[in-house]
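Presented below is the structure to which this report refers.
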Amino acid sequence: MSKPDPPGDQEFDAQGFARGIHELLVLAALREEPRHGYQIALDVEAQSNGVFRFRHGTLYPLLHRMEANGLIQGRWSSGAGRRKKVYSLTDTGRRHLSGEADRVEDILAGLMRMLRRARELPA
Amino acid sequence: MNAFQPTLRRLDRDLTVPIPNRLRILRELEFDLEALSGELEARGVPPEQARARALDALVPDGATLRELDRLHASHYRRLTRHFSPGRLRTIERSALALATAVVLFAETFLLLRADWLRHASPFLWPVLGLGTLLFAAIATLAFRLWVKRDHQDPAANLRVILFLSGLTLATGIFGALADLLRLAGVLQAEPGLAGSLLLEWLPASSVLLSFSLLLALAGGLAWFIPAHWLALVSGAHAELLGHPLPNARPGAPRSLDPARPHQPASLGESS
């Protein structure tokens, strides 16, 4: 009897996946136009009907890490005597968004298949 | 006062990242807090509730602050995180002593080979000694500010640099005057030696004054550049948090609590 095929080349990293989802949410929020941190938080909450919500400032380490990794670019601007930081998507971020969106879709489709099958089984 | 300033001051105390990075984080947060609460108010949320929601969404909690600390820590802090503070201090002091010894050795080696030192003023040696101390003080400050990125209480280092620069210049000028007086005394006693004595005195005095002026100028620059930079940082701190960076300026009072040297004494905030 042959052994079943492994589910993938790499072991699934649930924590990394959750972090990746947050990154994708930020990237998706920045897809159309540059935004400030609070606008990203509002946009993510509105677009996901409140399913995803940034709390306790968790948005900032995420934004700063993504900026350091070159996925987004932060620019300081001045207006009405105040300095504010605006984030925009970089080319790397755009590529990452499109590649990771496909990967997440695959993972979620696999998960949904499993859940549907489990629901169809008699109790 | 900005409604979020007490929160920003608390975060200023709790974050341990270098001050310029900390100010950037707080400035970004300040704008977002005001803009988000304003936006919520515009949507009909009562002001108190809007502020509370903005604080809940954007103000970092303990875990997020630690994450920000990790992200914005200096390279030096990341590299040395495995050393205990005591051990690190010993290593830093040893490295400084070694660097000073190398400078002293190189200085001595070069000077002993120089022809013009055969008739050097006796005051040149204290000037060069002060120059070595000045190098150690400048190296310590530069290491603290730009390698270790520790911007707390640099006023003492700045005062030492300014004092050593002034002392080097004063020693040089005093030495040149003392040499001149000595020369005048000898010339009065033996006018026939004027030619040869003047030929000895002139280069010795020029070398002494040149060295003391150059060292004092280098010290003055080494004082001015960080002092000016710290004044800018302190100004940004004052603009954002309502008070300048404590102990950033030479002559500013020292903090009473070394564990929290940048904690303002009278903020009246309990959180």
Going by what's in this entry, would A:Gln15 be described as assigned to a helix (DSSP H, G or I) and either at pLDDT 90 or above or more than 9 Å from chain B (Cβ to nearest Cβ) (or both)? yes
In segment A:30-45, how many are farther than 11 Å from A:Leu62 by Cβ, without any contact (Cβ under 8 Å) to a residue 24 or more places away in the chain and within 14 Å of another protein chain (Cβ to nearest Cβ)? 5
Would you tally the residues in segment B:122-147 being over 20 Å from B:Ala73 (Cα atoms) and hydrophobic (A, V, I, L, M, F, W, C)? 13
Taking segment A:52-67 and keeping residues open to solvent by 10 Å² or more (accessible area, probe 1.4 Å), at the interface with chain B (Cβ under 7 Å from one of its Cβ atoms) and not aromatic (Phe, Trp, Tyr) leaves A:Arg55, A:His56, A:Thr58, A:His64, A:Arg65
Please verify whether segment B:102-113 includes one or more residues that are in contact (Cβ under 8 Å) with a residue 60 or more places away in the chain and over 22 Å from B:Leu213 (Cα atoms). no
Checking A:Leu71 against (1) open to solvent by less than 80 Å² (accessible area, probe 1.4 Å); (2) modelled with pLDDT under 90, only one condition comes out false. Which one? (2)
If you take the residues in segment A:79-95 that are of a type outside the set (Phe, Trp, Tyr) and within 11 Å of chain B (Cβ to nearest Cβ), which one is nearest to B:Asn2 (Cα to Cα)? A:Arg82
Quick check: is even one residue across segment B:78-89 closer than 24 Å to A:Arg35 by Cβ and of a type in the set (S, T, N, Q)? no
Look through segment B:41-63, keep the residues that are more than 31 Å from the chain's Cα centre (by Cα), open to solvent by less than 40 Å² (accessible area, probe 1.4 Å) and facing another protein chain (nearest Cβ under 9 Å), and return whichever of them is farthest from B:Thr16 (Cα to Cα). B:Ala54
By residue number, the members of segment B:160-195 that are of a type in the set (D, E, K, R) and assigned to a helix (DSSP H, G or I) are B:Asp179, B:Arg182
Here the residues within segment B:64-79 that are open to solvent by less than 60 Å² (accessible area, probe 1.4 Å) and of a type outside the set (Phe, Trp, Tyr) are B:Thr64, B:Leu65, B:Glu67, B:Leu68, B:Asp69, B:Leu71, B:His72, B:Ala73, B:Ser74
Within segment A:76-123, which residues are of a type in the set (Val, Ile, Thr) and not in a helix (DSSP H, G or I)? A:Val86, A:Thr90
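The values are calculated or read from the model by the stated rules, or taken from the named source; none is laboratory data. These numbers were taken from a predicted model, which means no experiment stands behind them. Positions of Cβ are generated from backbone atoms using ideal geometry, with glycine treated the same way; all protein chains shown enter the neighbour counts. Note: accessible area is taken over every heavy atom of the protein model, side chains too, but ligands, DNA and RNA are not part of it. Shrake-Rupley method; radii C 1.70, N 1.55, O 1.52, S 1.80 Å.
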